[in-house]
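Accompanying notes for the structure given below.
The values are calculated or read from the model by the stated rules, or taken from the named source; none is laboratory data. Quick caveat, the model's predicted, so the values are computed rather than measured. Backbone-built Cβ (ideal geometry, glycine too); neighbour counts: all protein chains shown. Please note that ligands, DNA and RNA were not included when accessible areas were found on the heavy atoms of the full protein model with its side chains. Shrake-Rupley method; radii C 1.70, N 1.55, O 1.52, S 1.80 Å.
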Amino acid sequence: MPEWISYYAALIGKGLQTTLSLLVISALFGFALAVLVALARLSRRKWLARCALAYTSVLRGTPLLIQIYIFYYGLGSLFAQFPMIRGSFLWPYLRDGYWYIVFALVLSVGAYVGEVIRGGLLAVVKDQREAGKALGVGYRGVQRLIVVPQALRVALPTLANEYITIVKLTSLVSVISLSEILLVGQQLYTHNFLVMETMLAVAFYYVFLVPV
């Protein structure tokens with residue numbers, strides 16, 4: 001196998017690995033956060049509902065790219081100011097920009113998907129909750145066994161669209177030189193000067209990932 005083919009294959013493999021890891025981690029942890037945010041938005045405790053509303057308003061009201069810059073440059077510089085943090089076992093992770101990107105994506109997914117799940121929760125009729133209470137099921141049991149499963153079924157089409165969006169949003173991390181598939185494509189066409197052909201190949205990988 002020619003050396004340049006091995007080089008390109010290694011680059012593409014690394015880019016796909018980064019993209020998939022960002023997608024899986026942000027999807028799983030973002031979904032867990034979204035459920036908590038949706039329940040907080042519907043909570044009877046006003047302070048909790050207001051905090052959740054403020055969180056979703058800020059995260060949905062600012063571009064993800066700005067959030068990435070804030071977490072990547074802002075938090076990284078802030079943590080570097082504390083000798084206690086620099087000397088801790090967490091410092092190797094806090095120096096790695098990858099985890100700031102994951103954090104930004106998880107928070108963004110939690111805000112957007114949280115509103116989707118909240119809409120699904122509101123779609124579950126009140127009689128379902130009352131029936132659960134009549135059977136002696138507590139609040140947490142009603143939410144876990146009755147409300148949330150039905151809400152997810154209602155919200156599933158919109159959730160699928162949101163996660164398709166996440167796949168494409170991972171391309172934004174190329175602006176901080178994290179080697180996901182788009183940045184790999186940019187690196188390749190600086191060597192082969194085939195911009196259109198390389199970007200079409202990158203587009204193919206995204207088209208492949210979305211149905212999965």
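Quick one: Karplus J couplings for the stretch 47-62, per residue in order, coefficients 6.51, -1.76, 1.60, θ = phi - 60°, nearest Hz, x for Gly and Pro?
Ordered by residue, 3J(HN,Hα) equals 5, 5, 5, 5, 4, 5, 5, 4, 4, 5, 5, 5, 5, 7, x, 10 Hz.
Just to verify a number: what accessible area does Leu122 come out at with the full protein assembly present, 1.4 Å probe, Å² rounded to tens?
That residue has around 110 Å² of solvent-accessible surface.
Are there any GluC sites (Glu not before Pro) in the stretch 129-212 that are in a DSSP loop and have at most 10 other Cβ atoms within 10 Å? List them by number.
Of the GluC sites (Glu not before Pro), not one in the loops of the stretch 129-212 has a Cβ with at most 10 other Cβ atoms within 10 Å.
What is the packing order of peptides 41-53, 105-117, taking the mean over residues of other C-beta atoms within 10 Å and listing the highest first?
105-117, 41-53
Describe numerically, in nm with one decimal, the distance between label points set 7 Å from Cα along Cα→Cβ at Met199 and at Arg144.
Those two pseudo-labels are separated by 5.0 nm.
Using the Karplus curve 6.51 cos²θ - 1.76 cosθ + 1.60 with θ = phi - 60°, work out ³J(HN,Hα) for each residue of the stretch 133-150 in order, rounded to whole Hz, and write x for Gly and Pro.
5, 5, 7, x, 7, x, 4, 5, x, 4, 5, 6, 9, 10, 6, 4, x, 6
How far apart, in nanometres, would the label points at Leu152 and Ala134 be if each is projected 7 angstrom from Cα along the Cα-to-Cβ direction?
According to this spin-label approximation, the distance is 2.6 nm.
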